[in-house]
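*Asks:* There's a structure below that I have some questions on.
What follows is calculated from the coordinates using simple rules that are stated; it is not laboratory data. Just so it is clear, the structure is predicted and the values come from calculations on it, not from any experiment. In this analysis, Cβ positions are derived from the backbone assuming ideal geometry, glycine residues included, and neighbour counts consider all displayed protein chains.
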Amino acid sequence: RLGGSDIAVSELGLGSQRWVSADFNAPDKDMCYKFMDYAILKHGVNLIDTAEQYPIPSDGKSANEGDSELLIGQWMKDRKVPRKDVVIATKITGGRNVTPRNIKKDCEGSLKRLGTDYIDVYQLHWPQRYSPQSNWGQSLAYDIKSDSSPYWRAMGGPTSFEDLCMAMEGLIQDGKIRGWGLCNDNAYGLAACARTAKALGVTPPCSIQGDFSLIDRKSEENGVAEAASPFNENVGFMSYNALAGGMLTGKYMDVPAALDDLQNRDRAMKSLESPRGRMDTRGWGGTLYRYRSEAAQRAIAQYKDIVKRYKLASLTELSLRWTRQRSLVTTTLVGHTNQKQLEESVEYFTKKDPLGEELLWEIDRVHMQNRLPIFSSDNVGKDWYGEGEIGETIP
């Protein structure tokens, strides 16, 4: 279950960020139907995660924001799926968009697109306030200058925790949502929401969603796991990017991602022309650089060696099964481009035997060499003036 709620979710959830998007390898409507048929109708998966902003990327032509919700709603209608058999988690766009008025308005929009009377979990896509974690967790340091900017402080400042909790409670009382949660937030945001809701006598958040993988374990060590614990705020954790943008599948190990293949320009151009995945594109390749830092790639190589020594099928298997076993994680959201990828995910999430203690210790030993590889970089130019390679502010 998600925290203290009555919302039961499968250990594997379907991530729909790129469903019917404008991406070069986006799954189209027919493929997405196959995903849901296979996972939900045949293999016991019940959770779909989406957002009013999905798909990403959308170009306003072949793909528009809201299309992912429309697709999910149409599939449920076409397949005559009982509403209770699917747990739908969707998100309101974060930042200054999160106001009591917009919470109600945007929820109504999602309900209409999904063709349903209620949403199971309604989440903030990123916090309503400034937070160093809000940009996919790309920074660790709180920056008071950013927090004091006009964007955050004009017009009375960000929506208060009190107003946020009361607005979500209004949706619950109206039967529009069963529960609510956070995404791309941190321990402060989680504890503040939960404590505020309890002080007001309203429903606290039941979930928090965050970037989590073998090379991004910050949520276990930065207070989120402690705050979410059943002994504390009792909040479920939805992990995403368990495969680190494809890096933890191992497909970029023999030939580097296009933007990193500086020693072989012809090969890099070939990768850009025929990308193996998002890392071989200029757009995603730049955005997702953090998963390709030198420290991250050194750790990935060590994890690949563990796969060989313990005779696992693939780095994908190790990555997904490890995430599944973490005490913090309630469910793992995985995005897929094709049917084979989904079948592998289902296989790894239905293996009965857990990874052994010796293997887990091998993983931890790699982790202890660099606890935050995606926040590390060997490229630290003296002329960067306080900004790191992934755009985070350097204190």
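*Asks:* Can you pull the semi-axes for segment 129-242, root of five times each eigenvalue of the Cα gyration tensor, sorted largest first, whole Å?
*Replies:* Values: eigenvalues 100, 84, 29 Å².
Over the Cα atoms of segment 129-242, the ellipsoid semi-axes are 22, 21, 12 Å.
*Asks:* With label points built 7 Å along Cα→Cβ from the Cα atoms of S62 and F231, find their separation and express it in nm.
*Replies:* Placing both labels 7 Å along Cα→Cβ, they lie 5.2 nm apart.
*Asks:* Further question on the same structure: Could you bin all the Cα-Cα distances of segment 67-216 into 10 Å bins starting at 0 and give me the percent of pairs in each, rounded to whole numbers?
*Replies:* 11, 39, 33, 15, 2, 0
*Asks:* Normalising by the residue count of segment 254-368, find the relative contact order in percent from Cα pairs under 8 Å and 6+ residues apart.
*Replies:* Working: 72 pairs, mean separation 21.0, N = 115.
In percent, rounded to a whole number, it is 18.
*Asks:* Using the alpha-carbon centroid of each, what span in Å lies between segment 57-130 and segment 306-327?
*Replies:* Between the Cα centre of segment 57-130 and that of segment 306-327, the gap is 33 Å.
*Asks:* Quick one: if you stick a label point 7 Å off each Cα along the C-beta vector at R96 and R309, how many nm between them?
*Replies:* Output for this residue pair reads 5.2 nm.
*Asks:* Over the chain, one equal point on each Cα, no solvent: what is log10 I(q)/I(0) by the Debye formula at q = 0.10, 0.11, 0.13 Å⁻¹?
*Replies:* Each listed q maps to, in turn, -0.66, -0.81, -1.16.
*Asks:* Given a cut-off of 28 Å, name the pairs among K29/K218; K105/K145; K105/K340; K311/K340; K176/K351 whose C-alpha atoms lie farther apart than that in the structure shown.
*Replies:* Details: K29/K218 35 Å; K105/K145 31 Å; K105/K340 38 Å; K311/K340 21 Å; K176/K351 36 Å.
Where the Cα-Cα span goes over 28 Å, the pairs concerned are K29/K218; K105/K145; K105/K340; K176/K351.
*Asks:* Can you compute the helix-only [θ] at 222 nm over the chain? Use -39500 (n - 2.57) per DSSP H run of at least 4 residues, normalise by all residues, nearest 500 deg cm²/dmol. Spell out each step's value before the answer.
*Replies:* Details: 15 runs with 145 residues, N = 395.
Helices in the chain give a 222 nm mean residue ellipticity of -10500 deg cm²/dmol.
*Asks:* Continuing with this model, one more query. How far apart, in nm, are the 7 Å Cα→Cβ label points at E347 and D147?
*Replies:* 4.8
*Asks:* Another question, if that's okay. Net charge near I306, counting Lys/Arg +1 and Asp/Glu -1 over other residues with Cβ under 10 Å of its Cβ? Working shown, then result.
*Replies:* Numbers: positive: K304, K308, R309, R365; negative: D305, E362.
Once positives and negatives cancel, what remains is +2.
*Asks:* What percent of all Cα-Cα pairs in segment 320-367 falls in each 10 Å bin, counting up from 0?
*Replies:* 22, 48, 28, 2
*Asks:* Let me ask something additional. Evaluate Rg over Rh across segment 1-130, taking Cα atoms for both radii and Kirkwood's formula for Rh. Present the calculation step by step, with values, prior to reporting the outcome.
*Replies:* Details: Rg = 14.4 Å, Rh = 15.1 Å.
Dividing the radius of gyration by the Kirkwood radius yields 0.96.
*Asks:* How high is the relative contact order of the chain? Use alpha-carbon pairs under 8 Å, at least six apart in sequence, and give a whole percent.
*Replies:* Details: 705 pairs, mean separation 67.3, N = 395.
Worked out over the chain, it gives 17 percent.
*Asks:* I need the P(r) histogram for segment 24-66: all alpha carbon pairs, bin width 10 Å from 0 out to the longest distance, whole percents.
*Replies:* In whole percents, the pair-distance histogram is 25, 47, 26, 3.
*Asks:* I'd like to compare 145-154, 64-73: which one has the highest average count of other Cβ atoms within 10 Å, and what's the full order after that? Mind dumping the intermediate values first?
*Replies:* Working: 145-154: 11.7, 64-73: 21.6.
Packing order, densest peptide first, comes out as 64-73, 145-154.
*Asks:* Treat every Asp and Glu Cβ in the chain as -1 and every Lys and Arg Cβ as +1, leave all other atoms uncharged, and give the resulting dipole magnitude about the Cα centre to the nearest 20 debye.
*Replies:* 480
*Asks:* Which whole DSSP H helices in the chain pass both tests: a Cα extent of 20 Å or more along the axis and a mean Kyte-Doolittle value no lower than 0.0? Walk me through the numbers before you get to the answer.
*Replies:* Details: long enough: 100-114 (21 Å, -1.29); 294-309 (23 Å, -0.73).
Answer set is empty.
*Asks:* May I ask you to evaluate 6.51 cos²θ - 1.76 cosθ + 1.60, the Karplus curve with θ = phi - 60°, for each residue of segment 241-254 and list the ³J(HN,Hα) values in order in whole Hz, giving x for glycine and proline?
*Replies:* Working through the residues one at a time gives 6, 4, 9, 6, x, x, 5, 8, 8, x, 6, 9, 7, 6 Hz.
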